[in-house]
Amino acid sequence: MNSISSVPVLCVRDLSVSFFDRPVLSGVELSVPSGGIAVLVGRSGSGKTTLLRAVNRLNEEVPGCRTEGTVKLHLRRGSLDVYPGTGPDAVPSAELRRRVGMVFQTPQVFPVSVFRNIAVPLAVALGCPRSELDDRVRDALMRADLWKEVDGRLDMAAERLSGGQQQRLCLARALALEPDVLLLDEPTASLDVHAARRVEDLLLSLAERLPVIMVSHGPAQSLRLASFLAVMEEGRVRRTVSDTSGMTEGDLERMIDDADRSDGAARGQGA
Amino acid sequence: MKHSVPFLCFRALSRLSAVLVPCLVLTLMGYLFWRAFPVLGPKLLFGRVAPLDAVLGRVPVWDGLWPACVGTFWLVLITMLLAVFPGVGCGIYLSELASPRQKRCLGAAVDMLAGMPSIVMGLFGFMLILLLRRTVMPNANTGLLLAACCLALLVLPVLVASAREAMAAVPASLRLAAAAAGFSRSQALFHLLLPAAARGILGGVVLAVGRAAEDTAVILFTGVVANAGLPSGLFGKFEALSFDIYYISSQYQDQQELLRGFGAAAFLLLISCLLLAAARVLERGFRRKWQGKA
């Protein structure tokens, strides 16, 4: 259903991440094809969020993190070496995170006005001139389908928006920086069904122009959105699915359970 | 639902404590203002001098509180000028940038400073002047600047602790979101974390102002006198409200003079309330500008 080109957008080789010597990911291998939405699924604690945060080096903001292996991004404006952070295509973390937008599980609006939520990162992180701010903020809000709701109230505190609006504001903030890829960590987990559907529709339309990698815990949502699925368990990617057409929720549940069981069996054999 | 006896006792005691505090505050303030009320007025401030002449410094005031008010104002202002930047800066450094080892060492130093009695700070200032007189500056004497320096030392730990706590109270998720939005660490600190912590930091500054305004022990050794008139300069002697209250209450000759002490105390309280209100207004304005309308 999506045009999948030969070069993967994300290439992960033998990635291991540990916090204070407690391994969370061990030997992850993953190639995410470009085009559409790639969804990481798995039980809680399987390492989905840590894998996602390895893509923009956000794990390093948490104390005690140690990362080994290779993570490479192939984006429309060239390739980026994420790990190891040395090499010809390596970039400083701040620049990497500007090019790799991220939205969190719970809406993380800054405690400032709606306008400044988008304008401050634009002005500070991107160095956008003051004269362009108004236009770019409006443009980002339109792309995140929030403009109609906040037009004329841009100086309102962002924390007064509803949960769904806050999440779309976070999306607008990420989009305003013109990222080359978007990471989403269960972006609808804290929203009600209606608000979640709205964000999902938005993601589907965004994915036509921008690679999107997201973590989801709901099988139904995963199947609605994914053009590529990676099933994780115990800090590894157990299975990937490049064609989700015809799959049912039951199939996906079974797949996650199988990953669970095979992992248990592997540990049984190892013992 | 039936509660156990210890729980009922605990609940009753905590209610009692909650009532006790406002009662004490009201009693204290009520008594103070009741005693001070008869003398409150321009005469308390300026004595027999015309207010305009006193304010402009054309005629010295000997029997009013005006010189003490001016002295306290300058004292607090210079103290805060000296202490706010290093205090808040140290607090931010401790919370954001210090290594665990630095945190331990610096934290211990700040705690030690916080535990030091104010009279020791005053003595320290006095000894410093003695040392200076014997060595490089034979003419050195106690005065406004020295008192402010010692007071700054006294309020420093308050500022450090409040700034450190305010920074630590900024949620980790905000730091993570700032990093994810492409902010470098110093950009996040300056543009998001500091404004988010501003309220706590400002609270610490107000506390420090209060502490500087009310402390008597430090200035006792470092330049305050009962009848200096308006402070003549940074190195001149000065009067202060807190010292006036102390002086009057220990040396009063008649009932009228004692009442003047009550007046001075009420005045000091009033000034503190004004400062608090000013800080509130400042904070609200800042919040509206920075965070958007509520």
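Could you list, in sequence order, the residues of region A:18-29 that are in contact with an Asp or Glu (Cβ under 8 Å, 6 or more places away or on another chain) and aliphatic (A, V, I, L, M)?
Selection gives A:VAL28 alone.
Please enumerate the residues belonging to region A:44-64 that are of a type outside the set (A, V, I, L, M, F, W, C) and surrounded by fewer than 17 Cβ atoms within 10 Å (Cβ to Cβ).
A:SER44, A:GLY45, A:GLU60, A:PRO63, A:GLY64, listed by residue number.
Can you tell me which condition A:VAL114 does not meet? The list is (1) at pLDDT 90 or above; (2) more than 18 Å from B:GLY182 (Cβ to Cβ); (3) out of contact with any Leu (no Cβ under 6 Å at 6 or more places or on another chain), and all the others hold.
Going through the list (1) at pLDDT 90 or above; (2) more than 18 Å from B:GLY182 (Cβ to Cβ); (3) out of contact with any Leu (no Cβ under 6 Å at 6 or more places or on another chain), A:VAL114 breaks only (3).
How do the helices (runs of 4 or more DSSP H) wholly within region B:1-82 filter down when requiring 2 or more residues that are within 24 Å of B:GLY210 (Cβ to Cβ), of a type outside the set (D, E, K, R) and within 22 Å of the chain's Cα centre (by Cα): which remain?
The qualifying helices (runs of 4 or more DSSP H) are B:5-36.
Of the conditions (1) modelled with pLDDT under 90; (2) under 30 Å from A:LEU52 (Cβ atoms); (3) of a type outside the set (Asp, Glu), B:MET137 clears all except one; give me its number.
Of the numbered conditions (1) modelled with pLDDT under 90; (2) under 30 Å from A:LEU52 (Cβ atoms); (3) of a type outside the set (Asp, Glu), the odd one out for B:MET137 is (2).
Look through region A:65-101, keep the residues that are of a type in the set (Gly, Ala, Ser) and modelled with pLDDT of 90 or more, and return whichever of them is surrounded by the fewest Cβ atoms within 10 Å (Cβ to Cβ).
Here the answer is A:GLY69.
When region A:113-136 is examined, which residues are found to be of a type in the set (Val, Ile, Thr) and buried (at least 24 other Cβ atoms within 10 Å of the Cβ)?
Correct list: A:VAL114, A:ILE118.
Being over 17 Å from B:THR79 (Cα atoms) and buried (at least 20 other Cβ atoms within 10 Å of the Cβ) is true for just one of B:ARG133, B:ARG164. Which residue is that?
Step by step, each of B:ARG133, B:ARG164 is checked, and only B:ARG164 is over 17 Å from B:THR79 (Cα atoms) and buried (at least 20 other Cβ atoms within 10 Å of the Cβ).
Take the residues in region A:17-43 that are over 16 Å from the mean Cα position of the chain (by Cα) and closer than 22 Å to A:SER222 by Cβ; name whichever of them is surrounded by the most Cβ atoms within 10 Å (Cβ to Cβ). Steps first, answer last, please.
In the first step, residues of region A:17-43 are kept if they are over 16 Å from the mean Cα position of the chain (by Cα); the result is A:17-29, A:43.
Within this subset, residues satisfying the condition of being closer than 22 Å to A:SER222 by Cβ are A:24-25, A:28-29, A:43.
Working: A:VAL24: 19, A:LEU25: 25, A:VAL28: 22, A:GLU29: 13, A:ARG43: 15.
By that ranking, first place goes to A:LEU25.
Going by the structure shown, is B:THR135 among the hydroxyl-bearing types (Ser, Thr, Tyr) and closer than 30 Å to B:LEU258 by Cβ?
Judged against the criteria, B:THR135 is not a match.
What are the residues in region A:135-161 that are within 11 Å of A:VAL114 (Cβ to Cβ), more than 14 Å from chain B (Cβ to nearest Cβ) and either of a type in the set (A, V, I, L, M, F, W, C) or in contact (Cβ under 8 Å) with a residue 60 or more places away in the chain (or both), if any?
Answer for region A:135-161, where residues must be within 11 Å of A:VAL114 (Cβ to Cβ), more than 14 Å from chain B (Cβ to nearest Cβ) and either of a type in the set (A, V, I, L, M, F, W, C) or in contact (Cβ under 8 Å) with a residue 60 or more places away in the chain (or both): A:LEU141, A:LEU146, A:TRP147.
Residues in region B:167-185 that are more than 10 Å from every other protein chain (Cβ to nearest Cβ) and under 22 Å from A:PHE104 (Cα atoms): how many?
Result for region B:167-185: 2.
The values are calculated or read from the model by the stated rules, or taken from the named source; none is laboratory data. Everything quoted here is computed from the prediction, not taken from an experiment. All Cβ positions, glycine included, derive from the backbone under ideal geometry; neighbour counts span all protein chains shown.
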